[in-house]
Amino acid sequence: MTDQPAAESTTLIELDLWSDLVCPYSWVAKRRIEAAIAAFERPHDVTVRLRAFELDPDVPVGGGVPVSEHLSTRYGGGDAGTGRLMNAKASEEAQADDLVFDWDRAVRANTFDAHRLCALAGEMGGPALRSAAFERFHAAHFGEGMALDDHEVLQRLSAECGLDERRVAAVLASDEYGEQVRADEREARSMGVTSTPFVLANGYAALSGAKPVDDYLALLRGVATQSV
């Protein structure tokens, strides 16, 4: 059903979505926000800025530690079942979103370098290419058991997204875009954000966690009509 006030509004909407590439709910939220925009009366008046956030910036690089084991250690005090329960809950949440989570293969990863490459994608190809990089990295982590802190993996995945291989190699060999990632994180933390996903519309209307599509649509309509 069309919301007439939203259809008649001239308000442009900018959504900032903070997410981590190893957060299943971030992937879910991204897909649901895209669905909400498609259902919105004026989808072309909405822009999405994907922002970087590391849930665990101190996680060691490498090691091939299964996600379930990592979560059990971090949140369950060593209880091996904690990680499996958390993964099962995420899978249940994402059932309607056609997302594939293969928890038997997913491994823990430090996401700083992957976030830097997403920033590179944004510079090279704008929001569309950055979105493609986010999607490829999410799918590789959750569905293919790839380590997002392995430079060879990142090089290959970036090439699949259409990023220039030499440019990717140069970024990985440097600290380029690191400050952009840190700036995103500082801004989020200045608002009290400690987890992902977190979405902010036009700088004032926020939702945290993975919400139903209707909630994101209501957010868009509320901002459009200045009723939130």
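The values are calculated or read from the model by the stated rules, or taken from the named source; none is laboratory data. The model shown is predicted, which means the values in this text are computed figures rather than measured ones. Ideal geometry is used to build each Cβ from the backbone, glycine not excepted, and the neighbour counts take in all protein chains shown. Ligands, DNA and RNA are excluded from the accessible area calculation, which covers all protein heavy atoms including side chains. Shrake-Rupley method; radii C 1.70, N 1.55, O 1.52, S 1.80 Å.
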| field | Computed [θ] at 222 nm, deg cm²/dmol, the chain (DSSP H ≥ 4; -39,500 (n - 2.57); rounded to nearest 500) | value | -17000 deg cm²/dmol
| request: Over the range 72-137, calculate the relative contact order: mean separation of alpha carbon pairs under 8 Å at least 6 apart, over the residue count, as a percent. | output: 15
| message | For the range 1-89, compute the orientation-averaged projected area of the C-alpha convex hull (one quarter of its surface), in nm². | response | 7.9
| query | Using modelled backbone amide H atoms (1.01 Å from N, in-plane), which distant-in-sequence or interchain residues come within less than 5 Å of residue 109's amide H? | reply | none
| query | How high is the relative contact order of the chain, in percent, with contacts defined as C-alpha pairs under 8 Å that are six or more residues apart? | reply | 32
| With no solvent and one point per C-alpha, what does the Debye sum give as log10 I(q)/I(0) for the range 94-228 at q = 0.11, 0.17, 0.19 Å⁻¹? | -0.48, -1.07, -1.23
| Rounded accessible area of residue 101 (nearest 10 Å², 1.4 Å probe) | 30
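Inverting the mean 1/r over all pairs of different Cα atoms, compute the Kirkwood radius of the range 182-228 and quote it in Å. Could you put the intermediate results ahead of the total?
Numbers: mean 1/r = 0.0871 Å⁻¹.
In the range 182-228 this quantity evaluates to 11.5 Å.
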| said: If you consider only alpha-carbon coordinates, what radius of gyration and Dmax does the range 31-144 have, in Å? | reply: 16.1, 49
| message | If I model the chain as equal point scatterers sitting on the Cα atoms and use the Debye formula, what is log10 I(q)/I(0) at q = 0.07, 0.16 Å⁻¹? | response | -0.23, -1.13
| field | Spatial extent of the range 89-135: Rg and Dmax, with the Cα atoms as the point set, Å | value | 13.6, 36
| task | Could you tell me which GluC sites (Glu not before Pro) in the range 131-228 are loop residues by DSSP with no more than 16 other beta carbons within 10 angstrom of their beta carbon? | result | 176
| task | Would you kindly compute the Cα radius of gyration of the range 120-174 and its largest Cα-Cα separation (Dmax), both in Å? | result | 10.6, 29
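What accessible area per residue comes out for the chain, rounded to a whole number of Å², with a 1.4 Å probe? Don't jump to the answer; show the numbers that get you there.
Values: 10720 Å² over 228 residues.
Ligands and nucleic acids excluded, the figure is 47 Å² per residue.
Heavy atoms only, probe 1.4 angstrom, no DNA, RNA or ligands counted: give me 105, 221 ranked by accessible area, highest first. Each step should come with its number before you reach the end.
Values: 105 120, 221 50 Å².
Sorted descending by solvent-accessible area, the residues read 105, 221.
Which percent, nearest 5, of DSSP beta bridges in the chain are antiparallel?
Numbers: 9 of 16 bridges.
Here the share of antiparallel DSSP bridges comes out near 55 percent.
Over the chain, what percent of the accessible surface lies on carbon and sulfur atoms, probe 1.4 Å? All intermediate terms of the calculation are to be shown ahead of the outcome.
Working: 5430 of 10720 Å².
Of the solvent-accessible surface of the chain, carbon and sulfur hold 51 percent.
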| said: Please report the projected area of the range 44-106's Cα convex hull averaged over all directions, in nm². | reply: 6.2
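Quick one: pull the percentage of alpha-carbon pairs in the range 155-220 with a separation above 16 Å. Walk me through the numbers on the way to the answer.
Numbers: 1353 of 2145 pairs.
The share of Cα pairs beyond 16 Å in the range 155-220 comes to 63 percent.
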